[in-house]
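Before any comments, here is the structure.
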Amino acid sequence: MGVSEFLPEDWQDATLLGRIDFGEGPTPVLVRGGRVEDMSKVAPTVADLMNAFAPGAAIPRGEDKGPLEALDIRPVWEDPDGAAPVKLLAPVDLQCLKAAGVTFAVSTLERVIEERARGDAAAALKIRQQLSESMGGDLRGVNPGSEGAERLKQTLIKDGLWSQYLEVAIGPDAEIFTKGPTLSSMGWGDHVGVRSDSHWNNPEPEVVLLCDGSGQIRGAALGNDVNLRDFEGRSALLLSKAKDNNASCAIGPFFRLFDETFALDDVRSAEVELKITGRDNFVLDGKSNMSLISRDPAVLAGQAFGKQHQYPDGFALFLGTMFAPIQDRDTPGQGFTHKVGDRVRVSTPKLGVLENEVTTCDKARPWTFGISALIRNLAGRGLL
């Protein structure tokens, strides 16, 4: 697999921010004009780099590492022994990993179904049909926090159909939660994990915003907010067990920074595709558009950051999934769930391709490189 196969279609004109391990440890890089620049002497982390230069400011050139397409970057399934001389890492380091939930009508209804099914996939089909009949199956016309949304809420309460998920979907306050610890995200070409004791789960392809320490949106990437539907369906209080597990978060391949070729409006109109290919020859294809989101990306970023809560190192914000796979995989009526070896491919022309392979959390490579390890590595390389 060549590098250019997973990059934005106009990658040679884009400004890409990421992290690469050239053999010494995590190194912040910029890709400009198709060439890789080692930015570690300008700023030791991507968080520092974004905080050091305001949006639109000229960022000094780093050490030239040659054309990006010349780097020998391989996914784990092509490099099981880790022999590749360079490794593409998740394009975040000190940023907090945040996520917005139930921001699309399709995922909202599936969360309500999970709640009512109590994690039982077999019960989901019947509940889905009931909700479709009662609600029309579509919340896209409801403006969150509006008078119309409040009227709908009162009607649903009267009919016994109200849910905590509908509260954050059409109420005034968005669901914003912490997806995982700092430095825990996986990058392109690595494994993503589901708990070995989960029997109903799915990928959550999303667009991820990169925000600096002032809360300003600086760019976007693709993400996979892996979710355990059985755990969260049993109780919303199990959200952390459903969301925050070893290898359960992926971002990549790079963050595309806003410039004259890419802006927030490109995020708002992005068409995102999902393809899952299993070792059992199962194939699932999906396509959706960010224009279907219920709250504007800037509004979600504003609800994550402000006078109530700051992130001095910045944050990455998952904008919520526009997909909720329900295609039967094995038994009719049981819907979709992951199997080990599934290849999950999330793509959109302006951001490229994020591809990962599914394993179980206990079999994924243990997470050992935390904040203290990063500080020691940077200090040892004379970058602090």
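Restricting the first member to the range 203-223 and to residues that are touching a residue at least 60 places away in the same chain (Cβ under 8 Å), and the second to residues that are hydroxyl-bearing (Ser, Thr, Tyr) and in a strand (DSSP E or B), the beta-carbon pairs closer than 7 Å and six or more apart or on different chains are Leu222/Thr348.
Within the range 296-314, can you find the residues that are touching a residue at least 40 places away in the same chain (Cβ under 8 Å) and either surrounded by fewer than 20 Cβ atoms within 10 Å (Cβ to Cβ) or closer than 14 Å to Asp266 by Cα (or both)?
Start the filter on the range 296-314 by keeping residues that are touching a residue at least 40 places away in the same chain (Cβ under 8 Å), which leaves 297-306, 310-314.
Pro297, Ala298, Val299, Gly302, Gln303, Gly306, Gln310, Pro312, Asp313, listed by residue number.
For the criterion of being open to solvent by 20 Å² or more (accessible area, probe 1.4 Å) and acidic (Asp, Glu), Glu37 fails. Can Ile293 be described as modelled with pLDDT under 95, touching a Gly at 6+ places or on another chain (Cβ under 8 Å), open to solvent by 20 Å² or more (accessible area, probe 1.4 Å) and under 30 Å from Asn51 (Cα atoms)? When the stated conditions are applied, Ile293 passes them. You will find that of Gly252, Gly233, Gly314, the residue that is at positive phi, in contact with a helix residue (DSSP H, G or I) (Cβ under 7 Å, 6 or more places away or on another chain) and among the small types (Gly, Ala, Ser) is Gly314 and no other. Restricting attention to the range 294-317, report how many residues are closer than 25 Å to Gly213 by Cα and either over 17 Å from the mean Cα position of the chain (by Cα) or assigned to a loop (DSSP other than H, G, I, E, B) (or both). Counting residues in the range 294-317 that are closer than 25 Å to Gly213 by Cα and either over 17 Å from the mean Cα position of the chain (by Cα) or assigned to a loop (DSSP other than H, G, I, E, B) (or both) gives 15. Take Val92 and decide whether it is among the β-branched types (Val, Ile, Thr), over 14 Å from Gly189 (Cβ atoms) and either out of contact with any Gly (no Cβ under 7 Å at 6 or more places or on another chain) or at pLDDT 95 or above (or both). Spelling it out, Val92 is indeed among the β-branched types (Val, Ile, Thr), over 14 Å from Gly189 (Cβ atoms) and either out of contact with any Gly (no Cβ under 7 Å at 6 or more places or on another chain) or at pLDDT 95 or above (or both).
Determine whether Leu383 is of a type in the set (A, V, I, L, M, F, W, C), assigned to a loop (DSSP other than H, G, I, E, B), closer than 27 Å to Gly213 by Cβ and at pLDDT 95 or above.
Taking the combined requirement at face value, the residue satisfies it.
Looking for something among the hydroxyl-bearing types (Ser, Thr, Tyr), closer than 15 Å to Phe369 by Cβ and out of contact with any Leu (no Cβ under 8 Å at 6 or more places or on another chain) - is there at least one such residue anywhere in the range 44-57? No, that holds for no residue.
As for the range 338-361, it holds no residue that is touching a Cys at 6+ places or on another chain (Cβ under 7 Å) and either touching a residue at least 12 places away in the same chain (Cβ under 8 Å) or assigned to a strand (DSSP E or B) (or both). Only one entry of Gly320, Gly352 meets the criterion of being open to solvent by less than 30 Å² (accessible area, probe 1.4 Å), under 17 Å from the mean Cα position of the chain (by Cα), at pLDDT 95 or above and of a type in the set (Gly, Ala, Ser), and that entry is Gly352. The C-beta contact set for the range 11-38 (first residue among the hydroxyl-bearing types (Ser, Thr, Tyr), second residue outside any loop (DSSP other than H, G, I, E, B), distance under 6 angstrom, 6+ apart or interchain) comprises Thr15/Arg32; Thr15/Leu257; Thr15/Asp259; Thr27/Ile20; Thr27/Asp38.
Here Ala117, Ala124 are screened, and the one residue that is modelled with pLDDT under 75 and among the small types (Gly, Ala, Ser) is Ala124. Going residue by residue through the range 188-195, is there one that turns out to be at pLDDT 90 or above, surrounded by 14 or more Cβ atoms within 10 Å (Cβ to Cβ) and of a type in the set (D, E, K, R)? The answer is yes, given that some residue of the range 188-195 is at pLDDT 90 or above, surrounded by 14 or more Cβ atoms within 10 Å (Cβ to Cβ) and of a type in the set (D, E, K, R).
Looking across the range 355-384, the residues that are open to solvent by less than 60 Å² (accessible area, probe 1.4 Å) and polar (S, T, N, Q) come down to Asn356, Thr359, Thr360, Asn377.
State the number of residues belonging to the range 95-114 that are among the basic types (Lys, Arg) and modelled with pLDDT of 95 or more.
1
Looking only at residues that are outside any helix (DSSP H, G or I) and aromatic (Phe, Trp, Tyr) in the range 133-179, which one is modelled with the highest pLDDT?
Ranking the candidates gives Phe177 first.
The values are calculated or read from the model by the stated rules, or taken from the named source; none is laboratory data. Only a predicted model underlies this, so the values are computations on that prediction, with no experimental measurement involved. Reconstructed Cβ throughout: ideal geometry from the backbone, glycine too, with neighbour counts over all protein chains shown. The accessibility values were calculated without ligands, DNA or RNA, using every heavy atom of the protein model including side chains. Shrake-Rupley method; radii C 1.70, N 1.55, O 1.52, S 1.80 Å.
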